[in-house]
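Encoded as structure tokens, the structure appears first; notes follow it.
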């Protein structure tokens with residue numbers, strides 16, 4: 001018997017279960033969790049960036065535990081080699097043959113912790129996997145399991161001993177999630193939750209690989225009317241003509257904004273996209289894909305600030 005096709009209501013229900021489960025480990029942060037779910041349902045990847053102690057790794061581990069998929073954590077360090085990520089062929093003396101020992105990349109959910117501490121050569125080992133869902137080792141290309149999700153964390157404050165991610169790799173991340181400090185009320189809840197036990201709770205999986213794959217089939221069916229599509233095109237083109245940006249958003253960035261808007265609508269239980277979906281997602285989808293001009297950097301501008309200015313200037317289509 002064939003599976004019945006899912007609906008946006010199924011996506012909304014699945015997102016609700018995962019969100020509630022993750023919040024057993026993370027207090028609040030609905031917006032960050034929703035962004036992570038949007039990337040998951042778009043078959044994209046997630047970059048979690050913020051200062052130490054905010055809960056970046058905790059969010060990544062909690063999300064992975066909730067999905068019921070195979071999971072590996074890679075602690076990126078300067079001495080990590082590409083073979084430590086991809087795997088290696090070794091000589092088995094018992095069988096007198098070479099055998100392949102798969103690396104952690106052959107799991108469905110990868111937590112790449114402190115990814116900017118590894119060398120560019122090791123960072124690049126993830127590029128093919130993130131873009132093509134495959135890995136090539138010594139000339140042999142092997143498919144990866146689906147769903148495949150990379151959750152990377154990095155600390156933007158400590159620069160010593162780090163290697164900034166190149167633009168090509170940043171562009172592979174569907175969304176960049178900034179957690180931010182908790183509110184005073186949320187911080188009090190954190191203290192109460194962990195006053196007797198510093199360990200994170202053991203989370204049970206509330207979904208499985210088939211649930212995720214079924215949910216990933218729904219966002220492409222969400223309708224985007226012509227005025228909203230033109231609104232996305234306008235925003236992308238404004239990044240290319242803005243004097244504060246030397247390298248604007250690429251067509252891939254525009255497509256990422258298009259797809260995430262569809263997924264956000266599905267998580268909200270709608271089968272159509274509204275302009276507010278686009279405005280909400282642009283600050284998480286576009287800034288890490290752009291390069292500021294030297295003048296903007298000297299003024300102390302941030303990509304997020306320029307995106308906010310573009311969103312304020314771009315005419316919003318009127319909903320009928």
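Every read-out reported here was derived from the displayed coordinates using simple, explicitly stated rules and does not represent laboratory data. Bear in mind the structure is a predicted one, so any value in this text is a computation, not a measurement. All Cβ positions, glycine included, derive from the backbone under ideal geometry; neighbour counts span all protein chains shown.
Taking every C-alpha pair closer than 8 Å and separated by at least 6 residues, the mean separation divided by the residue count of segment 84-177 gives a relative contact order of 30 percent.
Spherically averaged projected area of the convex hull of Cα atoms, segment 119-263: 14.3 nm². Ranked by how many other Cβ atoms sit within 10 Å of their own Cβ, fewest first, the residues 185, 288 fall in the order 185, 288.
Using C-alpha pairs under 8 Å with a sequence gap of at least 6, the mean separation divided by the residue count of the chain gives a relative contact order of 23 percent. Compute the Cα gyration tensor for the chain, then decide on rounded, prolate or oblate, letting a ≥ b ≥ c be the square roots of its eigenvalues: rounded whenever a/c is under 1.5, prolate when a/b is larger than b/c in the other cases, and oblate in all that remain. Note, shape of the chain comes out rounded.
Build a GNM of the chain with springs between Cα atoms under 10 Å apart, and of 267, 206, 11 the one that fluctuates most is 206.
For residue 92 and residue 221, a Förster radius of 41 Å and the Cβ-Cβ distance give a FRET efficiency of 0.30, rounded to the nearest 0.05. Each of 29, 279 was scored by other Cβ atoms within 10 Å of its Cβ. Listed from fewest to most, they are 279, 29.
Between residue 70 and residue 271, residue separation times 0.36 nm minus the direct Cα-Cα distance comes to 69.3 nm.
Among 58, 295, the ranking by other beta carbons within 10 Å of each residue's beta carbon, starting with the fewest, stands as 295, 58.
Among beta bridges identified by DSSP and lying wholly in the chain, the antiparallel ones come to about 40 percent. When only Cα pairs below 8 angstrom with a gap of at least 6 residues are kept, segment 222-313 shows a relative contact order of 35 percent.
Shape analysis of segment 222-313 yields a ratio of the Cα radius of gyration to the Kirkwood radius, Rg/Rh, of 1.00.
With the simple model of a label 7 Å out from the Cα in the direction of the Cβ, residue 299 to residue 138 spans 5.4 nm.
So if I average 1/r over every pair of distinct C-alpha atoms in segment 5-88 and take the inverse, what Kirkwood radius in Å does that give? Computed over Cα pairs of segment 5-88, the Kirkwood hydrodynamic radius comes out at 14.5 Å. Highest mobility in the GNM of the chain, judged by mean-square fluctuation with C-alpha springs under 10 Å and restricted to 133, 141, 239, is found for 141. Largest first, the extents of the alpha carbon coordinates of segment 1-143 on the three principal axes equal 53, 49, 26 Å.
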